[in-house]
Amino acid sequence: VRIGIKGKEIQAEARKASNLVFLIDVSGSMNSPDKLPLLVQSFEVLLSQLNENDRVSLVVYAGRQAVLLNPTAIDQDGRAAVGQALKKLSAGGSTNGAAGISTAYDLARKGFIEGGVNRVILATDGDFNVGTTNQEELLKLVKNQAEGQISLTILGFGQGNLNDALMEELTNRGDGNYFYLDSLREGQK
């Protein structure tokens, strides 16, 4: 049973500046309409709510990780750059989530906004099957970063591969939250 509680809505003018690093799983297991395409649609909704005080970075991972976009202010040009990078995403290969997480935290530190919201947003189907899969190492990494004021949000997509227990434990240690998205309506929330 899941219980949803709506939090207080904050007016756009009163919202703190955000430094968001999207860490996107583009492994072969994400090649499904309810995974990567839904992820892109959901991030486009979020992007429309950001402004020039916010920064966005993009990291993708599959067999290896790659930085698609360094910290970028979301002015008109930055919004276009993020949108173009999202449209180029495609799924394929195995999953090395640990390498991607380390790179995402490095970018979050690079774009850190003092007094703002600094967050890594991991979007995955939860299938960490290559590379460092030692859960204790991952848990230690996210806990250390949370202590450094960078929190972790995990967005789970699709069915079958999700490891809810690991995702929730990572976000608990990472001072963040975990959501499951199965529709654009959930993505808009």
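Points worth noting:
- Filtered residues of the stretch 176-189 (kept if crowded, with 17+ Cβ neighbours inside 10 Å and either of a type in the set (Val, Ile, Thr) or part of a loop (DSSP other than H, G, I, E, B) (or both)): Gly176
- Scope the stretch 69-86; condition under 18 Å from Leu23 (Cβ atoms), among the aliphatic types (A, V, I, L, M) and free of Cβ contacts under 8 Å to residues at least 24 places away in the same chain; matching residues: Leu69, Ala81
- Within the stretch 138-152, residues that are over 12 Å from Ala108 (Cβ atoms) reach partners that are part of a helix (DSSP H, G or I) with beta carbons closer than 6 Å, at six or more positions or on different chains, in the pairs Leu139/Arg173; Lys143/Arg173.
- Residues of the stretch 105-127 that turn out to be under 23 Å from Val40 (Cα atoms) and assigned to a loop (DSSP other than H, G, I, E, B), as a count: 4
- Residues of the stretch 55-66 that turn out to be under 11 Å from Thr103 (Cβ atoms), more than 13 Å from the chain's Cα centre (by Cα) and of a type in the set (A, V, I, L, M), as a count: 1
- Number of positions in the stretch 132-157 that are crowded, with 19+ Cβ neighbours inside 10 Å, within 15 Å of Ser102 (Cα to Cα), modelled with pLDDT under 90 and of a type outside the set (Val, Ile, Thr): 2
- Residue list for the stretch 94-131, filter: touching a strand residue (DSSP E or B) at 6+ places or on another chain (Cβ under 6 Å), within 14 Å of Gln145 (Cβ to Cβ) and at pLDDT below 85: Gly100
- Screening the candidates Ser42, Ser48, Ser27 for the property of being of a type outside the set (Lys, Arg) and under 15 Å from Asp75 (Cα atoms) yields one hit, Ser48.
- Residue identified as assigned to a helix (DSSP H, G or I), more than 22 Å from Gly115 (Cβ to Cβ) and touching a residue at least 12 places away in the same chain (Cβ under 8 Å) among Leu58, Leu47: Leu47
- Selected residue (criterion: most open to solvent (accessible area, probe 1.4 Å)) from residues of the stretch 34-91 that are in contact with a helix residue (DSSP H, G or I) (Cβ under 6 Å, 6 or more places away or on another chain), among the polar types (S, T, N, Q) and within 24 Å of Ile150 (Cβ to Cβ): Gln65
- In the set (1) within 24 Å of Glu136 (Cβ to Cβ); (2) touching an Asp or Glu at 6+ places or on another chain (Cβ under 7 Å); (3) open to solvent by 10 Å² or more (accessible area, probe 1.4 Å); (4) not hydrophobic (A, V, I, L, M, F, W, C), Asp106 fails one condition alone, (2).
The values are calculated or read from the model by the stated rules, or taken from the named source; none is laboratory data. Here the structure is a predicted model, which is why all the values come from computation and not from measurement. Neighbour counts run over all protein chains shown; Cβ positions are idealised from the backbone, glycine included. All accessible areas refer to the heavy atoms of the entire protein, side chains included, with ligands and DNA or RNA removed. Shrake-Rupley method; radii C 1.70, N 1.55, O 1.52, S 1.80 Å.
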